[in-house]
Amino acid sequence: MKILVGIKRVIDYNVRIRVKSDGSGVETDGVKMSINPFDEIALEEALRIREAGNADEVIVVSLGGNECQQQLRTGLAMGADRAIQVDSAESLQPLTIARAFLKLVEKEQAGLVMLGKQAIDGDNSQTAQMLAALWGRPQATFASAVELSGNKAMVTREVDAGLERIEVDLPAVISVDLRLNEPRFVKLPDIMKAKRKPLEVIPVEDLGVAPENDLQFTSHTPPPVREKGIMVEDAAQLVAELKTRGLL
Amino acid sequence: MSETANEREVMEYDIIIVGAGPAGLACAIRLKQLKPDMMVAVIEKGAEVGAHILSGAVIEPGALDELLPGWLDNPPPVCIPVADDEIAFLTATSKRKIPTPPQQRNHGNFIVSLGALCAWMAPQAEDLGVDIFPGYAAAGIRYTDDGAVGGVIIGDMGVNREGQPKDTYMQGIEIHAPLTVLAEGSRGHLSKELITKYKLDQDSDPQAYGVGIKELWQVAPGKCKPGTVQHSIGWPLDTSTYGGSFIYHMDKDRIAVGFVCALDYSDPEFSPFEAFQQFKHHPSVKPLFEGGEILSGGARTIVEGGAQSLPKIEMPGALLIGDAAGLLNLPKIKGTHQAIRSGTLAANHVVETGGGRGFDTTLRESPIFKELHKVRNIRPGFNKGLWRGLITAGIETITAGKLPRTLHNHADHSSLIKLQDMQTIERPWVERDLAPRDRLASVYFATTDHDEDQPIHLQILDPEVCTTRCGEEYNYPCTRFCPAEVYEMIDDPDTKAGKRLQINAANCVHCKTCDIKDPYQIINWVTPEGGAGPNYQNL
Ligand SMILES: Cc1cc2nc3c(=O)[nH]c(=O)nc-3n(C[C@H](O)[C@H](O)[C@H](O)COP(=O)(O)OP(=O)(O)OC[C@H]3O[C@@H](n4cnc5c(N)ncnc54)[C@H](O)[C@@H]3O)c2cc1C
Ligand code: SF4
């Protein structure tokens with residue numbers, strides 16, 4: 001079985017996000033970029049499935065410009081067998097990404113697609129669900145545990161009310177949550193090996209997918225700045241201060 | 001350690017360079033330019049190249065011209081020719097411009113972000129075939145059986161606070177190489193080990209350091225004058241403390257502001273962080289930053305000892321270059337060109353002679369050392385205070401360092417005066433309202449990140465001293481000299497002293513001040529897990 005894993009290049013979770021002064025987007029100049037943390041967890045799980053003998057090949061896929069090859073190489077260094085960059089100059093929206101994935105699924109005859117539950121930049125949480133619908137296959141989202149047996153997967157999902165266990169038939173789409181696993185560190189020699197692993201570049205047009213722009217960004221604004229607090233002496237002053245501000 | 005040492009995986013290179021700063025990258029680039037088939041690797045503890053680099057920086061371009069001819073056709077992301085140069089003397093309320101000493105004239109120089117410059121050099125090195133490994137710390141030296149340096153040991157990952165392996169445990173590998181080049185920058189922790197082991201400093205003065213704290217601001221439109229370079233001396237430092245400020249106007253309304261204090265200050269109550277923040281509130285400075293916001297910030301030590309503190313820079317199997325050797329030119333407050341030139345010179349030497357032997361002599365006969373020799377008396381001249389120092393600086397400058405005398409440096413950790421012998425210094429600090437409020441708020445701008453569940457990388461060799469002698473003699477100076485508030489004394493009735501030291505290691509920005517200034521030399525900075533530490537942007 002082949003597993004396709006989606007990995008997106010996003011601003012590193014440690015970076016303080018700054019909105020550009022003209023509101024046209026988020027500052028990425030000189031900013032550290034990494035693999036979306038949820039995607040890294042998806043890749044770790046795929047590698048564990050392969051290491052347990054339940055898959056033959058793990059393929060990492062990223063959609064974007066050449067800069068995302070850096071994240072693909074990291075995925076290869078973690079242990080993926082090969083990588084595909086779907087080359088696109090413009091940033092793609094979830095529906096287009098799902099359509100592109102579907103083409104790759106068909107091309108590779110993948111038995112499982114593993115994705116992060118969302119990317120930490122757009123927070124859309126749509127690609128996995130859309131892909132499952134387009135593909136006509138089961139989906140198991142927000143996975144915190146995955147067990148494979150035969151052509152079925154038992155997936156524990158993190159839902160508002162607690163945990164839910166569902167069984168899905170493969171092929172399927174699984175999107176993963178934070179508690180599924182802790183991704184491995186990359187070994188230095190594996191970085192060198194990753195340089196020699198195959199990385200295929202496919203222009204998005206060659207997949208027969210035309211970028212759609214159903215969503216339009218109108219502006220970006222940072223959250224309002226918190227006002228400076230004051231120290232009050234006692235409860236009476238607190239009440240008084242709240243009253244003068246019309247909060248009580 | 002020894003039983004696992006045999007099992008460590010090994011990678012072999014012709015040369016392993018520790019640190020992807022300007023020195024290490026220059027050395028790697030030159031080696032590959034001269035000998036393309038040489039296997040060269042660079043190890044960098046920052047998560048990315050540049051993530052741990054903090055500098056001014058106004059740089060002299062000569063060294064880059066030599067290493068990367070035509071570099072200005074494809075310049076680093078921040079690179080602004082210096083247009084205007086000023087130096088001023090401050091009192092608490094006034095500012096007076098003073099004539100710019102020749103070393104500080106900056107015509108022909110460029111304002112850069114050194115972090116961005118390193119991130120720009122790294123792909124050029126990789127294009128030549130250098131293997132750069134950011135996110136990995138060189139945690140130890142690998143010694144060969146005959147006692148020479150034979151490479152480095154990469155730190156283990158996934159070890160918990162108690163030193164036990166976690167689920168993610170990954171043993172660090174060994175990198176073997178006939179020659180190891182230490183380019184760790186100021187107070188490199190492996191360099192420190194090697195200087196002691198091979199007694200490299202037995203014929204030189206102790207190294208001297210300063211700590212530089214810096215912020216990058218986005219200022220209100222109209223305030224930034226790209227290319228303007230401003231320095232000051234005087235307030236808020238008292239006349240017995242050597243140091244000063246820098247303000248570099250970059251592009252896109254960005255201004256770099258920083259403050260450097262020599263670490264041989266004597267007042268245990270002194271806080272370099274507070275001095276910097278007070279400087280920002282000087283009436284001539286504050287308006288620049290009102291209405292602006294901080295983009296990033298952090299701190300790093302700077303080597304100040306110069307010629308007389310330069311240790312022997314070669315030993316069996318290894319060389320020291322850049323700030324790890326101590327090549328910064330203090331009166332110019334510039335070390336970048338020296339770092340690049342020393343990296344280049346080391347590469348030339350290695351390729352010409354087939355190894356590192358003789359590099360100490362090569363460097364001492366080069367313009368790199370001559371530059372240091374000329375200005376050797378300027379910092380120690382300030383040991384007697386600001387006025388005597390300025391006079392010495394004047395004489396040494398006029399005579400170009402030709403007077404047959406050499407003043408000496410003393411170890412910074414020995415300079416604190418015990419509280420009982422100390423006359424209280426009045427510091428009429430103003431109330432501050434510019435960001436950051438305090439050191440914790442400031443650490444936020446360094447975006448520093450360490451997994452909390454790992455061994456504390458600030459080793460206290462004798463914790464007893466902290467709660468007993470240090471409290472009495474100096475009132476816990478670590479709680480003030482650390483710019484990131486890593487050290488805190490916590491009331492703890494369960495202990496004999498009623499207090500205990502808490503180390504907030506996750507805040508550390510890897511400046512190395514504590515390793516240098518702690519008066520008992522019981523703080524040992526070691527590398528945390530690779531990739532941990534600050535994530536500086538454009539510093
Ligand atoms: C506040 C301040 C202002 C300055 N202003 C100027 C200026 O205006 N002009 C100028 O020319 N110079 C200036 N300097 C000096 C200049 O920054 C240094 O001289 C220069 O950075 C030295 O280069 P280096 O390569 O030797 O070391 P660094 O730049 O310090 O680089 C060392 C690198 O090695 C890495 N490293 C260290 N130890 C290890 C390890 N064990 N394993 C893996 N990696 C490791 C570090 O993370 C770092 O990336 C300033 C310095 C400071 C602090
Ligand atoms: S703990 Fe030491 S190295 Fe870390 S920030 Fe504080 S003084 Fe600097």
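Of the candidates B:Pro76, B:Pro99, B:Pro123, the single residue that is open to solvent by 50 Å² or more (accessible area, probe 1.4 Å) and farther than 28 Å from B:Glu352 by Cα is B:Pro99.
A Cβ distance below 9 Å, combined with a sequence gap of six or more or placement on separate chains, defines the contacts here; from the range B:139-150, residues that are within 21 Å of B:Pro528 (Cα to Cα) reach no residue that is of a type in the set (D, E, K, R) and surrounded by fewer than 13 Cβ atoms within 10 Å (Cβ to Cβ).
Considering the range B:29-44, and only residues there that are among the hydrophobic types (A, V, I, L, M, F, W, C) and assigned to a helix (DSSP H, G or I), the residue that is farthest from B:His189 (Cα to Cα) turns out to be B:Leu34.
Scanning the range B:136-156 for residues that are open to solvent by 10 Å² or more (accessible area, probe 1.4 Å), out of contact with any Leu (no Cβ under 9 Å at 6 or more places or on another chain) and of a type outside the set (Val, Ile, Thr) returns B:Arg142, B:Tyr143, B:Asp145, B:Asp146, B:Gly147, B:Ala148, B:Gly155, B:Asp156. Criterion first (of a type outside the set (D, E, K, R) and under 24 Å from the mean Cα position of the chain (by Cα)) does B:Ile59 satisfy it? Judged against the criteria, B:Ile59 is a match.
The one condition from (1) under 30 Å from B:Glu293 (Cβ atoms); (2) modelled with pLDDT of 95 or more; (3) open to solvent by 70 Å² or more (accessible area, probe 1.4 Å) that B:Arg364 does not meet is (1). When B:Thr100, B:Thr93 are checked against the criterion of being of a type in the set (S, T, N, Q), free of Cβ contacts under 8 Å to residues at least 40 places away in the same chain and in a loop (DSSP other than H, G, I, E, B), B:Thr100 stands alone in meeting it. Just one of the listed residues (A:Val168, A:Val232) is in a loop (DSSP other than H, G, I, E, B) and more than 14 Å from every other protein chain (Cβ to nearest Cβ), namely A:Val232.
Considering only residues of the range B:491-509 that are within 15 Å of ligand 2 (Cβ to nearest atom) and part of a strand (DSSP E or B), which is farthest from B:Asp438 (Cα to Cα)? If you could, list the steps in order and put the result at the bottom.
Restricting attention to the range B:491-509, the residues satisfying the condition of being within 15 Å of ligand 2 (Cβ to nearest atom) are B:501-509.
Narrowing further to those that are part of a strand (DSSP E or B): B:501-503.
Working: B:Leu501: 20, B:Gln502: 18, B:Ile503: 17 Å.
By that ranking, first place goes to B:Leu501.
Condition first: at positive phi, polar (S, T, N, Q) and in contact (Cβ under 8 Å) with a residue 40 or more places away in the chain. Can you find one or more residues in the range B:441-449 that meet it? There is at least one residue in the range B:441-449 that is at positive phi, polar (S, T, N, Q) and in contact (Cβ under 8 Å) with a residue 40 or more places away in the chain. Taking the range A:1-68 and the strands (runs of 3 or more DSSP E) fully enclosed by it, the elements with 1 or more residues that are more than 14 Å from chain B (Cβ to nearest Cβ) and not basic (Lys, Arg) are at A:2-6, A:9-11, A:57-64.
Suppose we filter B:Asn507, B:Asn524 for residues that are within 14 Å of chain A (Cβ to nearest Cβ) and either modelled with pLDDT of 95 or more or within 15 Å of ligand 1 (Cβ to nearest atom) (or both); which single one remains?
Only one candidate passes the filter, namely B:Asn507.
Against the test of being closer than 29 Å to B:Asp449 by Cβ and either more than 14 Å from chain A (Cβ to nearest Cβ) or assigned to a strand (DSSP E or B) (or both), the options B:Ala63, B:Ala26, B:Ala47, B:Ala51 yield a single qualifying residue, B:Ala26. The lone criterion from (1) assigned to a loop (DSSP other than H, G, I, E, B); (2) at pLDDT 95 or above left unmet by A:Ile202 is number (1).
Taking the criterion of being within 14 Å of another protein chain (Cβ to nearest Cβ) and open to solvent by less than 50 Å² (accessible area, probe 1.4 Å), the residues of the range A:171-187 that qualify are A:Leu180, A:Asn181, A:Pro183, A:Val186. Among what's in the range B:458-470 and is out of contact with any strand residue (DSSP E or B) (no Cβ under 7 Å at 6 or more places or on another chain) and touching a residue at least 12 places away in the same chain (Cβ under 8 Å), pick the residue that is farthest from B:Gln521 (Cα to Cα). Here the residue is B:Thr468.
Away from ligand 2 (no atom under 16 Å from the Cβ), acidic (Asp, Glu) and more than 17 Å from the chain's Cα centre (by Cα) - does that describe any residue in the range B:282-292? Within the range B:282-292 (the criterion being away from ligand 2 (no atom under 16 Å from the Cβ), acidic (Asp, Glu) and more than 17 Å from the chain's Cα centre (by Cα)), the answer is yes, since at least one residue qualifies. Exactly one residue among A:Gln93, A:Gln118, A:Gln109 is surrounded by fewer than 20 Cβ atoms within 10 Å (Cβ to Cβ), in contact (Cβ under 8 Å) with a residue 12 or more places away in the chain, within 15 Å of the chain's Cα centre (by Cα) and away from every other protein chain (no Cβ under 14 Å), and that residue is A:Gln93.
If you check B:Ser309, B:Ser284, B:Ser342 for being farther than 29 Å from B:Leu31 by Cβ, touching a residue at least 40 places away in the same chain (Cβ under 8 Å) and not aromatic (Phe, Trp, Tyr), only one passes: B:Ser284. Filtered by the rule that a residue be in contact (Cβ under 8 Å) with a residue 24 or more places away in the chain and either within 14 Å of chain B (Cβ to nearest Cβ) or in contact with a helix residue (DSSP H, G or I) (Cβ under 8 Å, 6 or more places away or on another chain) (or both), the range A:188-200 gives A:Asp190, A:Ile191, A:Lys193, A:Ala194, A:Lys195, A:Lys197, A:Leu199. Whether a residue is more than 10 Å from ligand 1 (Cβ to nearest atom), modelled with pLDDT of 95 or more and surrounded by fewer than 19 Cβ atoms within 10 Å (Cβ to Cβ) was assessed, and B:Glu86 does not pass this test. Going through the range B:237-247 one residue at a time, which ones are more than 19 Å from B:Pro81 (Cα to Cα) and part of a strand (DSSP E or B)? Within the range B:237-247, B:Gly243, B:Gly244, B:Ser245 meet the criteria.
Quick check on my filter: what residues within the range B:444-473 are among the β-branched types (Val, Ile, Thr) and modelled with pLDDT of 95 or more?
Passing the criteria: B:Ile456, B:Ile460.
Condition check for A:Pro222 on (1) under 30 Å from B:Gly530 (Cα atoms); (2) within 14 Å of chain B (Cβ to nearest Cβ): one failure, at (1). I'd like to know if the range B:53-72 contains one or more residues that are open to solvent by 20 Å² or more (accessible area, probe 1.4 Å), under 30 Å from B:Pro283 (Cβ atoms) and either more than 13 Å from ligand 1 (Cβ to nearest atom) or polar (S, T, N, Q) (or both). Yes; the residues of the range B:53-72 include at least one that is open to solvent by 20 Å² or more (accessible area, probe 1.4 Å), under 30 Å from B:Pro283 (Cβ atoms) and either more than 13 Å from ligand 1 (Cβ to nearest atom) or polar (S, T, N, Q) (or both).
The values are calculated or read from the model by the stated rules, or taken from the named source; none is laboratory data. If you're wondering where the values come from, they're calculated on a predicted model, not measured in any experiment. Note that we place each Cβ from the backbone using ideal geometry, even for glycine, and neighbour counts take in every protein chain shown. We work out accessible area using only protein heavy atoms, side chains counted, and drop any ligands, DNA or RNA first. Shrake-Rupley method; radii C 1.70, N 1.55, O 1.52, S 1.80 Å.
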